[in-house]
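Here is the structure we will look at, set down as structure tokens.
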Amino acid sequence: FIHDPLLFKQSVYLNGILNGIRVPNSPFHGNANYTTIGAVPLINVNAAQNGFIDKLTFAARIKNTSELLDEATLVAYFSFDNTYNDNGPNQMINITFISTSFDSQGRFNQCLLLNNLTNLSYFQIDGLYYLGQINYSYSFSLWIYPLNNNGTILQVSSTSWCIPMIGYDSSGHLTIQTKGLSGIYSITYTSGTISLNQWTNIILTYSNTNGLQLFLNGLFINGYNSDYSYSASNNSLNTIILGNSITLNNCSISTTQIVPSQFQGKIDEFKIFSRELSLDDITELAQGTTYYTYGSSSLWKFDNNTFDSLLNLNGTTINSPSYIASGITGNGYALKLIRNNSQCVTISTYKNFANVSFTVEMWIYPTSLINNTDYGLFSQYGSLTTDNSLHLIIRNNILFMGFYADDLPCTTTLSINTWYHVAFVYDYRSRSQIVYLNGNQDCLRTSAGPFLGTSGSIYIGTFMRSQGNFQYFDGYIDNVELNMRVKTDSEILTDATLTTWQSFDNISLIDSGPLELTRTYSNVTLVAGKVNQALSFNSNLSFYQVSGFVLLGIPNNPYSMSLWVKRTSTGGGILIYLSTQTNGTGWCAALMGFRSTGQIIAINWSNTGTEIVGPILSVNIWTHIAMTYSPTNGLILYINGTNYGTTGSKSYIAPGQNIILTLGNLLNATSCNIMSITSDPYVGYLDEFRVYSRELSAIDVYELANP
């Protein structure tokens, strides 16, 4: 059950598939302090649930469709990365393993090794419900590395029956089979044999529509067209055994095509699904991409420590780097590295970057840049061989993404004493290296990689150019984020340029932007808004303040602001006001407000202020307002997505220090020049306030004005 306050809709999914959707009459306004499970109280009578409830989860966010499909149908996922644990959503615990071990040379990281010559090596999972349901869809996906062409790879059994489902027949051909109403039926790969000492992806799918199907390395091999039934074991819980067939008394030895015996080799990335996989699913599994939403993320904020605030990849400082106050968030801290002191951060916990997609983002502020010199940003050293040394660096004053002898140099020259957002992306599916600077693609290279390194610590602020030759960064690093997936262009542009987003959708008034800037407010309340809830300013003491705008304090830096306005009275008032002190004093500038006649005003401050005079906004009507600035185009005012006026090319005078932005009130700024805007507090509602560190396009503004 999903409630999406942004799109304003309710959605219900059944077994991972969208079952119903509607637009509610109003947002949810409940404020109960307890939750009832298994009954619906206080409506008419208590309506109790008869039956079983299991795995109840709650997430304070919108889960996407792939997450929901996984949670509904990914029965188990065993990566065998030095653990027998189930990494899927169910985290099954009924696991048995006999004479197995882990091998370091898996298809991805480590793998399961079955190489016991006494026929006593296997891995077992108990308690599988869906495999005991007649004609219920299922799929298996796994990678195998056979040492010979015989043995049972996967067997399904219960107390009264046994079916070797994946394995080799007596001629050494790979075979899959299942049991229908008329007995066991099978598909055999007869056009060749599975290569020894090499990884192969095997996928078996079943549904009562398409029957049994075999896929090898993502390619369809064959399907069984004479029987579409699956005769399960009378609703009992089932067991899967990998690598052996140990319940021979229950197996139909005379009818099985697979020889029940010990499999010798390796198995990796084993997944069980309670649905028939699609062709897209199969292609992604066979390519080894990060298919699941359980891919990890890490974030190092460097707020006076090297903790990973999302996972456990905590860092350790080398040679005592320090922290500077403010950083890119204007309120926290940033890591300060001095190149001559060989300072950096290392994360010793191994993180796999081999044969996967990933995105690394960070804010950097170089304090020195010398041509023909390397400055390490993020690296993992395996060996100085092709595709075994990951290094994301600055080389010759430009960004550079390297795997070692398989590299991508960019083109834009960086400057010192400037904040930059940089992002390095590797797309395993398309074999592409991509680098972004301030949210825009700076360089791209295809037919790259994949990265193959399987060892080494992560370093932030340095990399090893040659054996023992570390190249250190000189400057500040902040908010380093690692995602084990490909972030999209729009995601990266948002990370780089959405400075703050105040949705006003809950009482905590959380900043929904990537920087999570600090907020304070007084005498404001939540009311029904343009999108979900809004903020009401109904007192002379009402204000909402966001601090920590680093880039807005830089002269001539582009910016944009967007908000919904609903006035509840006529006359003037201040909307958006900048200052360097929390009480509104110090350097100050009014950017937007109302004349006493009710006309909305936008102001650009260069040597003098230049006004754009907008229309009189109707009372009790929501109006979308946006203003954008760049030195080339100057200030542009938009009303409901339409360009209303511009100043033409203008400079922007700023104090060169962090800015505090206040909505709705001048506070104590009695001497600040506000031109024709009146000094009255704003009276009305505000919603969906956003600030960007770039000039929005006309299309961007139109989309914001039409949510």
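The values are calculated or read from the model by the stated rules, or taken from the named source; none is laboratory data. No experiment lies behind these values; they were computed from the predicted model shown. Quick reminder, even Gly has a Cβ in these numbers, built from the backbone with ideal geometry, and neighbours come from all protein chains shown.
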Practice problem: Take the residues in region 83-105 that are closer than 16 Å to Ser274 by Cβ and touching an Asp or Glu at 6+ places or on another chain (Cβ under 8 Å), then tell me which one is surrounded by the fewest Cβ atoms within 10 Å (Cβ to Cβ). | Solution: Met92
Quiz item: Just one of Phe108, Phe80, Phe123 is buried (at least 21 other Cβ atoms within 10 Å of the Cβ), in a loop (DSSP other than H, G, I, E, B) and in the same structural domain as Asn244 (by the TED database); which is it?
Solution: Phe80
Quiz prompt | Number of positions in region 210-230 that are modelled with pLDDT of 90 or more, at negative phi and in a loop (DSSP other than H, G, I, E, B) | solution = 1
Quiz item: Can you pull out the residues in region 660-695 that are of a type in the set (Phe, Trp, Tyr) and within 18 Å of Thr568 (Cβ to Cβ)?
Solution: Tyr682, Tyr685, Phe689
Practice problem: Read through the list (1) at positive phi; (2) in contact with a Ser or Thr (Cβ under 7 Å, 6 or more places away or on another chain), then give the number of the only condition that Asp474 fails. | Solution: (1)
Quiz item: Going by the structure shown, is Leu113 closer than 20 Å to Ile194 by Cα and in contact (Cβ under 8 Å) with a residue 60 or more places away in the chain?
Solution: yes
Quiz prompt | Identity of the residue in region 129-162, of a type in the set (A, V, I, L, M) and modelled with pLDDT of 90 or more, that ends up farthest from the chain's Cα centre (by Cα) | solution = Leu147
Practice problem: From (1) touching a residue at least 60 places away in the same chain (Cβ under 8 Å); (2) surrounded by 20 or more Cβ atoms within 10 Å (Cβ to Cβ), pick out the condition that doesn't hold for Pro514. | Solution: (1)
Practice problem: Could you list, in sequence order, all residues of region 149-184 that are touching a strand residue (DSSP E or B) at 6+ places or on another chain (Cβ under 6 Å) and surrounded by fewer than 20 Cβ atoms within 10 Å (Cβ to Cβ)? | Solution: Asn149, Asn150, Asp169, His173
Self-check item: Test: residue in region 517-525 that is aliphatic (A, V, I, L, M) and assigned by the TED database to the domain that holds Asn314
Solution: no
Quiz item: In region 526-543, what count of residues is obtained for those that are more than 13 Å from Gly664 (Cα to Cα), of a type outside the set (Gly, Ala, Ser) and part of a strand (DSSP E or B)?
Solution: 3
Quiz item: Which pairs have Cβ atoms under 7 Å, sit 6 or more apart or on different chains, and link a residue in region 548-559 that is part of a strand (DSSP E or B) to one that is modelled with pLDDT of 95 or more and not aliphatic (A, V, I, L, M)?
Solution: Gly548/Asn658; Phe549/Thr499; Phe549/Asn658; Tyr559/Tyr629; Tyr559/Tyr692; Tyr559/Ser693
Quiz item: Going by the conditions given, is Ile699 on the phi < 0 side of the Ramachandran plot and modelled with pLDDT of 95 or more?
Solution: no
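Condition check ((1) hydroxyl-bearing (Ser, Thr, Tyr); (2) more than 23 Å from the chain's Cα centre (by Cα)) across all residues:
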residue	(1), (2)
Ser415	yes, yes
Ser432	yes, no
Cys443	no, no
Gly468	no, yes
Asn483	no, no
Quiz item: Can you tell me which residues in region 519-533 are crowded, with 16+ Cβ neighbours inside 10 Å and under 20 Å from Asp303 (Cβ atoms)?
Solution: Arg519
Practice problem: Can you work out which of the residues in region 111-120 that are surrounded by 16 or more Cβ atoms within 10 Å (Cβ to Cβ) and hydrophobic (A, V, I, L, M, F, W, C) is farthest from the chain's Cα centre (by Cα)? | Solution: Leu114
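Each row is one residue, and each column tells you yes or no for (1) more than 15 Å from Leu661 (Cβ to Cβ); (2) among the small types (Gly, Ala, Ser).
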site	(1), (2)
Asp489	yes, no
Thr520	no, no
Ala534	yes, yes
Gln545	no, no
Val550	no, no
Quiz item: What number of residues in region 419-463 are aliphatic (A, V, I, L, M), part of a strand (DSSP E or B) and surrounded by 20 or more Cβ atoms within 10 Å (Cβ to Cβ)?
Solution: 7
Quiz item: Which members of region 98-124 meet the condition of being within 18 Å of Pro260 (Cα to Cα) and of a type in the set (A, V, I, L, M, F, W, C)?
Solution: Ile98, Leu114, Leu117, Leu120, Phe123
Quiz item: Are any of the residues in region 199-209 touching a strand residue (DSSP E or B) at 6+ places or on another chain (Cβ under 7 Å), modelled with pLDDT under 95 and surrounded by fewer than 15 Cβ atoms within 10 Å (Cβ to Cβ)?
Solution: no
Quiz item: When you scan region 610-633, how many residues do you find that are over 35 Å from the mean Cα position of the chain (by Cα) and either closer than 17 Å to Tyr559 by Cα or surrounded by fewer than 19 Cβ atoms within 10 Å (Cβ to Cβ) (or both)?
Solution: 10
Quiz item: Would region 482-493 turn up any residue that is part of a strand (DSSP E or B), in the same structural domain as Trp363 (by the TED database) and not small (Gly, Ala, Ser)?
Solution: yes
